[in-house]
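Step one of this worksheet: look at the structure below.
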Amino acid sequence: MRPWRAGLRPGLPGLQRTAPLAVALALVLAGCRAGEVRPGSDSTLSLHWRIVPDPPVAGPLRIALELSDQGSRGTRQPLSGAVVRVEGNMSHPGMVPVLATAREVAPGHYEAPLSLTMAGDWIFLIDAELPDGRKLHRQIDLPGVRPPTPRTPSETPAER
């Protein structure tokens, strides 16, 4: 036996027990879709979001946002009439940001179309201003945007 391996047993029994727990915890945390609070934001306001398609692919996509206020009784109240702006940036410098203004599709529900220029890690900055002057600023990290899948000849529009 080599001296540097003396006393080591094959495998890591502790890791074998904790790895499934770590994976389960990571999956639970990944399912949480609340934006990270940024400075200057009203902490009573909440934002929940969803990207379509999920998982995200470079090219056109839609971000659906739900704005609500944590009421005095602990119930969430939808927030209507907000001006919501979305700015998407790649995680590395030198890329032009993608910008959109979300439109309200139902009370407290907003949607913004975006076109991600390439695959990779994206960061979205959500800025909303409510009619009463309160502001919401959130950051959404969107890692691992995939490249678009190549079209098959049957999906490509015919030339005329």
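Would you confirm whether any residue within region 130-145 is among the aliphatic types (A, V, I, L, M) and surrounded by fewer than 18 Cβ atoms within 10 Å (Cβ to Cβ)? No: zero hits.
How about region 107-118: which of its residues are farther than 12 Å from residue 61 by Cβ and at pLDDT below 95?
Going residue by residue through region 107-118, those that are farther than 12 Å from residue 61 by Cβ are 107-110, 118.
The answer is 118, and nothing else.
Using the structure shown, decide if residue 42 is at negative phi, at pLDDT below 95 and under 14 Å from the mean Cα position of the chain (by Cα). Judged against the criteria, residue 42 is not a match.
The values are calculated or read from the model by the stated rules, or taken from the named source; none is laboratory data. Remember, predicted model here, so these are calculated numbers, not experimental data. Heads up, the Cβs are rebuilt from the backbone with ideal geometry, glycines too, and the neighbour counts pull from every protein chain shown.
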